[in-house]
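Trainee: First, the structure itself, so that you have it in front of you.
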Amino acid sequence: MKLKELFLAALYPEDVACCVCNKEAVLNSHGVCRACEELIVPAPGFSLSEAVSGASAGIKYNDAAADMVHRFKYFDGRYLGKNLASFMTLPQEWQADVIIPVPLHPERLKERGYNQSLILAGELSGRYGIPVRDDLLKRIRNTLMQSMTSREERRANVKDAFSASKRCRGISIILVDDVITSGSTSEECAKALKAAGADKVYVIAACYAGGQES
Ligand SMILES: [Zn+2]
């Protein structure tokens, strides 16, 4: 364990509090207590637009998951990235060169202090040995919060919001998002990556909220 990791472990003791209810208990390998285990439901299979060669998510975005994601994103719950990422499994057939997080606009990044998708990407990178590149895809428009918009608005909101580097040419990419709802954000990212010459783009998220939007 590196010094920095030791320091973080002291700040955020793991295996003590359940990542769902926050109570101290005996935890499973995802950091979930027995009482909360049944609240966490695997995400269903789904597919996205033709720019996306494969899509997968860890858990269903229900109330328990939403509470976790909320703390992860808005209440400096960076430590929850490890728990959320533990539900994400890359399908064996996804052969990728790099992992790219869905980027935040620089202004949003400044407000939040961190990109939650980069934290998830880092966890997957450590587990699968695929490098993370957060310099190949940029958000060039500061879009509205997707959670506030309807399906049609979501599409319009993220249209042409991303720009990918020509260094994506010929490489296969795993794009990491925190929550997929309509899929419009990751589809738009995939479109930009493909336009820059990427070979294949796969999408994985911690949670899938499809069919739950208004
Ligand atoms: Zn619990």
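Trainee: Under 9 Å between Cβ atoms, at least 6 apart or on separate chains: pull out the pairs that start in region 164-183 with a residue that is at positive phi and end on any residue that is in a loop (DSSP other than H, G, I, E, B) and of a type in the set (Val, Ile, Thr).
Mentor: GLY183/VAL52
Trainee: Looking at (1) out of contact with any Ser or Thr (no Cβ under 8 Å at 6 or more places or on another chain); (2) over 20 Å from SER56 (Cα atoms); (3) open to solvent by 40 Å² or more (accessible area, probe 1.4 Å), which one does LYS138 not meet, given that it meets all the others?
Mentor: (1)
Trainee: Quick one: would you say SER186 is open to solvent by less than 50 Å² (accessible area, probe 1.4 Å), within 21 Å of SER47 (Cα to Cα) and in contact (Cβ under 8 Å) with a residue 24 or more places away in the chain?
Mentor: Yes; evaluated as a whole, the condition is true for this residue.
Trainee: Now for a separate question. Could you check region 20-55 and list, in sequence order, the residues that are within 16 Å of the ligand (Cβ to nearest atom) and in contact with an Asp or Glu (Cβ under 6 Å, 6 or more places away or on another chain)?
Mentor: Residue satisfying the conditions is LEU27 alone.
Trainee: While we're on this one: Can you run down the residue pairs with Cβ atoms below 8 Å, 6 or more apart or on separate chains, where the first is in region 77-91 and of a type in the set (Phe, Trp, Tyr) and the partner is open to solvent by 20 Å² or more (accessible area, probe 1.4 Å) and outside any loop (DSSP other than H, G, I, E, B)?
Mentor: TYR79/LEU8; PHE87/PRO42
Trainee: So, one more: Residue check, MET88 against (1) of a type in the set (A, V, I, L, M); (2) closer than 11 Å to ILE174 by Cβ; (3) in a helix (DSSP H, G or I), all met but one. Which one?
Mentor: Status for MET88: all satisfied but (3).
Trainee: While we're on this one: May I ask you to verify whether ARG167 is out of contact with any helix residue (DSSP H, G or I) (no Cβ under 9 Å at 6 or more places or on another chain) and open to solvent by 80 Å² or more (accessible area, probe 1.4 Å)?
Mentor: For ARG167, the condition - out of contact with any helix residue (DSSP H, G or I) (no Cβ under 9 Å at 6 or more places or on another chain) and open to solvent by 80 Å² or more (accessible area, probe 1.4 Å) - is met.
Trainee: Further, regarding this structure: What's the total number of residues in region 4-27 that are open to solvent by less than 100 Å² (accessible area, probe 1.4 Å), at pLDDT 90 or above and either at positive phi or assigned to a loop (DSSP other than H, G, I, E, B) (or both)?
Mentor: 6
The values are calculated or read from the model by the stated rules, or taken from the named source; none is laboratory data. The model shown is predicted, which means the values in this text are computed figures rather than measured ones. Positions of Cβ are generated from backbone atoms using ideal geometry, with glycine treated the same way; all protein chains shown enter the neighbour counts. Protein only, heavy atoms only, side chains kept; ligands, DNA and RNA dropped before computing areas. Shrake-Rupley method; radii C 1.70, N 1.55, O 1.52, S 1.80 Å.
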